[in-house]
Amino acid sequence: MERLDFGKMSYGCKHYHRRCMIRAPCCNEVYGCRHCHNEATNMLDSIADRHDIVRYDVTQVICSVCDSEQPVARQCTNCGVNMGEYYCEICKFFDDDTSKEQFHCDDCGICRVGGRENYFHCKKCGSCYALSLRNNHSCVENSMRHHCPICYEYLFDSLKDTTVMKCGHTMHSECYNEMIKRSSFSCPICSKCRVSGSFVRNSTRGCSGGRHGVVVRVEVTVEAAIGDFVLVEAVVRGVIGAKATKVCNGDG
Ligand SMILES: [Zn+2]
Ligand SMILES: [Zn+2]
Ligand SMILES: [Zn+2]
Ligand SMILES: [Zn+2]
Ligand SMILES: [Zn+2]
Ligand SMILES: [Zn+2]
Ligand SMILES: [Zn+2]
Ligand SMILES: [Zn+2]
């Protein structure tokens with residue numbers, strides 16, 4: 001085995017396989033990765049001490065194979081291993097698991113996963129979106145630069161998948177699915193009427209042009225997830241119910 005590959009995939013934290021730890025420039029502590037840092041520092045008792053690391057500011061790493069601290073670089077100057085099979089010198093980011101197909105987007109300014117060829121950067125939304133969304137989504141200014149309306153985690157560099165809704169607003173896919181399970185069908189940000197889910201269900205909501213009092217059978221397709229982003233495609237297939245005045249309880 002080549003020296004460069006020594007220890008590959010056998011070190012790291014719960015977030016990444018990597019062969020180094022980082023020294024946080026903000027508090028001078030050593031962490032497995034920036035998420036390890038942020039999780040720890042945001043649990044500190046004193047609110048004044050809570051903070052996030054600025055990834056670009058990291059200057060020192062500690063090789064996990066030989067324990068030597070050194071300036072950020074891909075290869076350990078002491079033992080010669082790659083501290084990350086993927087390495088981004090802008091983000092000071094290391095990851096041995098290249099099956100994630102990491103790439104650095106200059107417009108986002110951060111590394112993303114899922115393969116560069118599967119994404120485009122939407123300048124208006126301010127983030128990389130799956131190719132299936134090109135010319136096929138409602139742009140919302142800096143749509144990804146806000147917190148998930150359900151769990152309040154910042155979406156832009158979240159490790160979790162994000163769903164882009166018809167209205168262009170975004171939230172975590174898992175939070176989205178939770179919301180759907182609880183039969184909540186409107187965007188929590190703009191409250192635009194919207195139906196979705198990977199199932200067929202009868203809806204009494206006036207989603208298709210406000211047909212209140214009519215049972216609308218709604219068939220919905222959710223396009224396959226490509227990397228981080230999912231296009232939610234809601235298609236109203238047809239009205240199968242006739243007048244059903246009792247079922248509309250003033251929803252909207
Ligand atoms: Zn810190
Ligand atoms: Zn970590
Ligand atoms: Zn080393
Ligand atoms: Zn990067
Ligand atoms: Zn981007
Ligand atoms: Zn857009
Ligand atoms: Zn969320
Ligand atoms: Zn919305």
**Where Ile62 falls short, out of the listed (1) farther than 25 Å from Glu29 by Cβ; (2) out of contact with any Phe, Trp or Tyr (no Cβ under 8 Å at 6 or more places or on another chain); (3) in contact (Cβ under 8 Å) with a residue 12 or more places away in the chain** = (1)
**Prompt:** Restricting the search to region 140-150, which residues are farther than 18 Å from Asp52 by Cα and surrounded by 14 or more Cβ atoms within 10 Å (Cβ to Cβ)?
**Reply:** Val140, Ser143, Met144, Pro149, Ile150
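Of all residues being among the β-branched types (Val, Ile, Thr) and in a loop (DSSP other than H, G, I, E, B) in region 140-171, which is nearest to Ser186 (Cα to Cα)? Just the residue, please. Even if it seems obvious, please write down each step before you answer.
Start the filter on region 140-171 by keeping residues that are among the β-branched types (Val, Ile, Thr), which leaves 140, 150, 162-164, 170.
The next check asks that each one be in a loop (DSSP other than H, G, I, E, B); those that pass are 140, 150.
Values: Val140: 17, Ile150: 13 Å.
Looking at residues that are among the β-branched types (Val, Ile, Thr) and in a loop (DSSP other than H, G, I, E, B), I get Ile150.
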**Subset of region 128-139 that is assigned to a strand (DSSP E or B) and away from ligand 8 (no atom under 16 Å from the Cβ) - its residue that is surrounded by the fewest Cβ atoms within 10 Å (Cβ to Cβ)** = Ala130
**Request:** Tell me which of these Ser158 doesn't satisfy, since it passes every other one: (1) within 16 Å of ligand 6 (Cβ to nearest atom); (2) at pLDDT below 90.
**Result:** (1)
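Among the residues of region 3-32, what is the count of those that are without any contact (Cβ under 8 Å) to a residue 40 or more places away in the chain and of a type outside the set (Asp, Glu)? Walk me through it before giving the result.
Filtering region 3-32 for residues without any contact (Cβ under 8 Å) to a residue 40 or more places away in the chain gives 10, 13-14, 24-32.
If we keep only those that are of a type outside the set (Asp, Glu) too, we end up with 10, 13-14, 24-28, 30-32.
Adding up the residues that qualify gives 11.
The values are calculated or read from the model by the stated rules, or taken from the named source; none is laboratory data. Treat the numbers as computed from the prediction; the structure is a model and nothing was measured. Virtual Cβ from ideal backbone geometry, glycine too; neighbours counted across all protein chains shown.
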